[in-house]
Amino acid sequence: MSHSISVPDGLPVLSRGKHRNPRRGACFMELASFLAGERWSDHPSCTHPLLAEVARTANDRTSDAGRPLLAPLIPSVVGLTTDDPRADARIALHCALVALPVAPFQRQRALAVGVHACERQLTALGDVDALAASAQALADVPEAAAWATAFLGRSGLDRDGSARHFRRTSAPSIVSVAARGIAEAATPAQDELLRTMLEGAIAQCRALVPAPAAVELDGGRWQEAVALTH
């Protein structure tokens, strides 16, 4: 069954950062917790942890003018979680590949290292189809790719990195660097790229959820979310 969400009219107002309660504002994931019927939190259990990190980062890095365009995506993350270990590597790789072409060179180097880390995890998991875009992306930034290869050879990082370490440390770091790289890019498309990063992360996670069901968002709950942020 395909996954579809019908968003009622009206959009809640999103703001940066963590908020103690909706009277003080609301970020993307706090509203997801509200729609899910969970305790008010920017770390709700209804969403895959790394996907939630992408959402928080996109929310905080997007401009005030561009942030309203993220709001329709909030229902997409409610209930979207999986224990599949491929999810972290796929999400992190997607974020790195979105940022890699536009990030400043210093960030490109870190992102190239991150791409290699994702490749290592996905190869170990037998998920080689997810690697199709990474080789071309690295070829398009040859100086950063060459630096990453030399760095990994010197540091020995290419030979370690457990799945647990990747999930807890490496993947969130890759997402953070990707968002920073986009925010620091010399392009007026930062907001669009951050939204693309989040949309793709949602799609990567959804692809690993068995038979995702159609979601009918409770219109009353959505209107409550709209009302409490205005």
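The string of couplings for segment 73-89 from the Karplus curve (6.51, -1.76, 1.60, θ = phi - 60°) is 7, 4, x, 5, 9, 6, x, 9, 8, 7, 8, 4, x, 5, 4, 4, 5 Hz, one whole number per residue in order, with x for Gly and Pro. Mind checking the log10 I(q)/I(0) for the chain at q = 0.08, 0.17 Å⁻¹? Debye, one equal scatterer per Cα, no solvent, two decimals. Log-scaled intensity ratios, in q order: -0.29, -1.19. In the elastic network of the chain, a GNM with C-alpha springs shorter than 10 Å, the most mobile of 194, 93, 138 is 138.
The long axis of helix 219-228 is offset from the longest Cα principal axis of the chain by roughly 90 degrees. Computed from Cα atoms alone, the Kirkwood hydrodynamic radius reported for segment 86-206 is 14.1 Å.
Cβ crowding within 10 Å, taken as a proxy for footprinting-reagent exposure, orders 230, 19, 116 from fewest neighbours to most as 230, 19, 116. What the Cα atoms of segment 2-126 give is an Rg and a Dmax of 16.0, 47 Å. Taking the Cα centre of the chain as origin and assigning +1 to Lys and Arg Cβ atoms and -1 to Asp and Glu Cβ atoms, the resulting dipole is close to 700 debye. Here 34, 105 are placed in order of increasing Cβ neighbour count within 10 Å, fewest first, which gives 105, 34.
Read the figures in this text as sums done on the coordinates, not as results from a lab. Source: prediction; values computed, not measured. Neighbour counts run over all protein chains shown; Cβ positions are idealised from the backbone, glycine included.
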